[in-house]
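This report refers to the structure that appears directly beneath it.
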C-alpha cells in the first residue's frame, strides 16, 4: 500500500501535479478550473510566485491605459497613422494583461480534495 508523503500512516489518494509526490486527502487540494491535484507545499510556492506576477501585470495594465489615453489625445491633435496604430497596439496589450490577471486569479482558487467525488464519478462511469 502506498502511503502519504506527509502522513506515513495514511493511504495515498492522489499525486501532486507539480512535485509528483503521493498524498492523502488531507494534504491535497483541487486547483483551478481543471481541478488538478496540488499539495499544500506546492500551493504556497505557486501562490507566492503568481502574487508578485499579478501585481506586476496590474502595473503594466494601468500604465497601458495611461499610454492609450496619451496616444488617443495625440492622434486627435495630429491625425497621424502612427498614433492610431500605436494606440490600438497598447490598448490590445492592456486588455490581454487584464485577461491574464483574471486567469491567474482563477488558477489560484483551491478547494479541499473530496475522495467521495471520485468514487461517485467512478460508479457512474464519468471520467
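If you go through region 7-16 and keep only what is in a loop (DSSP other than H, G, I, E, B), without any contact (Cβ under 8 Å) to a residue 24 or more places away in the chain and either surrounded by 13 or more Cβ atoms within 10 Å (Cβ to Cβ) or in contact with a helix residue (DSSP H, G or I) (Cβ under 8 Å, 6 or more places away or on another chain) (or both), you end up with 7, 10, 12.
When restricted to residues that are free of Cβ contacts under 8 Å to residues at least 40 places away in the same chain, in a helix (DSSP H, G or I) and closer than 14 Å to residue 111 by Cβ, region 20-78 contains 1.
Being under 24 Å from residue 20 (Cα atoms), modelled with pLDDT of 75 or more and assigned to a helix (DSSP H, G or I), is that true of even one residue in region 107-119?
No: zero hits.
Scanning region 33-50 for residues that are crowded, with 16+ Cβ neighbours inside 10 Å and at positive phi yields no hits at all.
The values are calculated or read from the model by the stated rules, or taken from the named source; none is laboratory data. Predicted model only: the values in this text are computed from it and were never measured. Note that each Cβ is placed from the backbone with ideal geometry, even for glycine, and that neighbours are counted across all protein chains shown.
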